[in-house]
Amino acid sequence: MKNIYKVLIAFIGVLAVSCNADAVDERPILDAVSTPEITAPTTGQNYVLDVEKAAQEVAKFKWSAAEYSTTVAVKYTLLIDKKGGDFKNAKTLQTTTNSITEVSVLARELNQVAIDLGGTPEVAAQYDVKITANVSGGVVQVSKGLISITVTPYVGKVPYDFVEWYLVGDATVAGWDNNKGNQILFRSATNSDEYTFTGFFKKGAFKTIQNLGSWIPMFGYGSETAMAYRGTDADADPPTFNIPADGYYKFTMDVEKKTYTLAPYAAGATAPTYSTVGIIGSATSKGWDASTPMVKSTFNAHVWTLGVTSLNDGEIKFRANDAWDVSWGGKTPFSGVSTGDNTPVSKSKYLIYFNDLDGSYLMIPNQ
């Protein structure tokens, strides 16, 4: 009986294999019929990209549809490589599927691929563009022709993986408005979780917020050393940090450890005040010849800001009264405390903050 079962199972297996083989033989063979070709723009187009128009369409690419021997779902990939390249290291501009045979490319998208392919900001270079089609990754068709374009990229965004924190409350310059010139906290150069502000506070209360215009995330008083955190709208509103009298204080918080210190800063009352503070250096448009003035706070005579400002690759220092008697600078980009060194800068646009009480500076790339 066991032998009969074994024979029966073997027969069924042979029959199944035979049926599968027949099914494979009967499957239609997919052939490429017509290769897609780029129809617009024409070769030789010149694109000078503008950072102020980064989100605007800069070019529209169109191509003829790929044809296959049967109706299938087609994926198109628009590729770009440096002039004369073999497309082994090409970058993808856009992808589409099925009947979509045109795409709009934004200035920032074209700018990024040009930079990724080794382009130099503000220097024109030529690139080749072609279109490919495939079906589920196979039966690939590559345009026989390609177009060549010239692209002049702008300086891309400087990598900046930090977050900012601000003061809010009637003890601070903005009062309880969470989006009205709130005082920014200065970030440590060595610990990106540590933030400090040394300066004038009115008698009253305050908290800290991460996003202007929003009450979350927020830190408030938890205990004499610990902060209470509010991460969502559903979380309880934490108590305030309290300032007992008008004066100068130093507030420091660690957002990872959720700890803080708040203490009077006696030196603030006798610290010198300056009529001007500005930035100067090879990264500025005036070089080392003249300062670019910052704006003094009307709430705190030691806090200075400079709105969105274009800087080049180079260095800067902060100096008082357009002279070299008093100057500040740090070794680290973006943030730190003065060590007397020149502060390194990468080309970008920046929001700049400076505190002459303790030499703290903060430079936020802004594009």
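The values are calculated or read from the model by the stated rules, or taken from the named source; none is laboratory data. Only a predicted model underlies this, so the values are computations on that prediction, with no experimental measurement involved. Cβ placement follows ideal geometry from the backbone for every residue including glycine, while neighbour counts extend to all protein chains displayed. Just the protein is used for accessible areas: all its heavy atoms, side chains included, with ligands, DNA and RNA removed. Shrake-Rupley method; radii C 1.70, N 1.55, O 1.52, S 1.80 Å.
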Next item on the list: Could you list the residues of region 153-180 with an amide nitrogen less than 20 Å from a label point located 7 Å from the Cα of W215 in the Cα-to-C-beta direction?
Entry: 165-180
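How large is Rg/Rh for region 182-233, to two decimals, with Cα atoms and a Kirkwood Rh? Provide the component values of the computation, followed by the final result.
Values: Rg = 12.0 Å, Rh = 12.6 Å.
Computed over Cα atoms, the ratio is 0.96.
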Notebook entry, point to check: Using Cα pairs under 8 angstrom and six or more residues apart, how large is the relative contact order of the chain, in percent?
Noted result: 11
Notebook entry, point to check: So, counting K/R as plus one and D/E as minus one, what does the shell of residues with Cβ under 14 Å around N355 add up to?
Noted result: +1
Next item on the list: Report, in degrees rounded to the nearest 10, the 0 to 90 angle that the Cα long axis of helix 107-116 makes with the longest principal axis of the chain.
Entry: 80
Next item on the list: Before rounding to the nearest 500, sum -39500 (n - 2.57) across all DSSP H runs of length at least 4 in the chain and divide by the residue total; then give [θ] at 222 nm in deg cm²/dmol.
Entry: -3000 deg cm²/dmol
Margin query: What is the distance in Å between the Cα centroid of region 144-179 and that of region 298-340?
Written below: 20
Notebook entry, point to check: Looking at region 221-300, what % of the alpha carbon pairs are farther apart than 22 Å?
Noted result: 54
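Once neighbouring chains are kept in place and the probe is 1.4 Å, which whole percent of the accessible area of region 75-187 is contributed by carbon and sulfur? Present the calculation step by step, with values, prior to reporting the outcome.
Values: 2470 of 5230 Å².
Its accessible area is 47 percent carbon and sulfur atoms.
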Notebook entry, point to check: For volume of the Cα convex hull per residue in Å³, the choices are [x] 171; [y] 146; [z] 247; which was calculated from the structure?
Noted result: [z]
Notebook entry, point to check: Rank D254, D177 by accessible area, highest first, at a 1.4 Å probe radius?
Noted result: D177, D254
Notebook entry, point to check: Ranked from the most accessible area to the least, with a 1.4 Å probe and all protein chains present, what is the order of K347, K207?
Noted result: K347, K207
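Please compute the length gained on full extension between F162 and W288, using 0.36 nm multiplied by the number of residues separating them and subtracting their Cα-Cα distance. Mind dumping the intermediate values first?
On the way: separation 126, 0.36 × 126 = 45.36 nm, distance 2.92 nm.
Extending this stretch completely gives an extra 42.4 nm.
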Note to self: Give me a comma-separated list of calculated 3J(HN,Hα) values for region 236-244, in order, Karplus coefficients 6.51, -1.76, 1.60 applied at θ = phi - 60°, integers in Hz, x for any Gly or Pro.
What the structure shows: 5, 6, x, x, 8, 7, 10, 10, x
Check: Once both labels are modelled 7 Å past Cα along the beta-carbon direction, what's the W176-K203 spacing in nm?
Finding: 1.9
Check: If the convex hull of the alpha-carbon atoms of region 158-249 is projected onto planes in all directions, what is the mean projected area in square nanometres?
Finding: 6.6
Notebook entry, point to check: Can you give the three extents of the C-alpha atoms in region 293-367 along their principal axes, from longest to shortest, in whole Å?
Noted result: 29, 25, 20
Item checked: Mean separation of Cα contacts under 8 Å (6+ apart) over length of region 128-209, as relative contact order % -> 24
Next item on the list: Round to the nearest 10 and give me the degree value, 0 to 90, for the angle of helix 2-26's Cα axis relative to the longest principal axis of the chain.
Entry: 80
Next item on the list: Using only C-alpha atoms and all pairs of different ones, pull out the Kirkwood radius for region 273-336 in Å with one decimal.
Entry: 12.2
Next item on the list: Using a Gaussian network model of the chain whose springs link C-alpha atoms within less than 10 Å, name the residue from S104, S136, S327 with the highest mean-square fluctuation.
Entry: S136
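Relative contact order (percent) for region 179-286, with alpha-carbon contacts under 8 angstrom and 6 or more residues of separation?
Numbers: 174 pairs, mean separation 26.3, N = 108.
Relative contact order, region 179-286: 24 percent.
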Notebook entry, point to check: Short version: ³J(HN,Hα) in whole Hz for each residue of region 159-166, in order, from phi by Karplus 6.51 cos²θ - 1.76 cosθ + 1.60 (θ = phi - 60°), x for Gly and Pro, what are they?
Noted result: x, 8, 9, 10, 10, 10, 10, 10
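Give me the net charge of A107's neighbourhood, meaning all other residues with Cβ under 12 Å from the Cβ of A107; Lys, Arg count +1, Asp, Glu -1.
Spelling it out: positives minus negatives among the neighbours equals -2.
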Checklist line | For the chain, accessible area per residue (1.4 Å probe, heavy atoms of protein chains only), Å² | finding: 52
Note to self: For region 51-129, take every pair of Cα atoms, bin their distances at 10 Å starting from 0, and report each bin as a whole percent.
What the structure shows: 17, 43, 29, 9, 2
Checklist line | Cα→Cβ-extended label distance, 7 Å offset, between V326 and E102, nm | finding: 6.3
Item checked: Pairwise label distance in nanometres, T339 with D233, each label 7 Å out on the Cα-Cβ vector -> 4.5
Checklist line | Shape box of region 175-309 [Cα atoms, principal axes, largest first, Å] | finding: 53, 31, 30
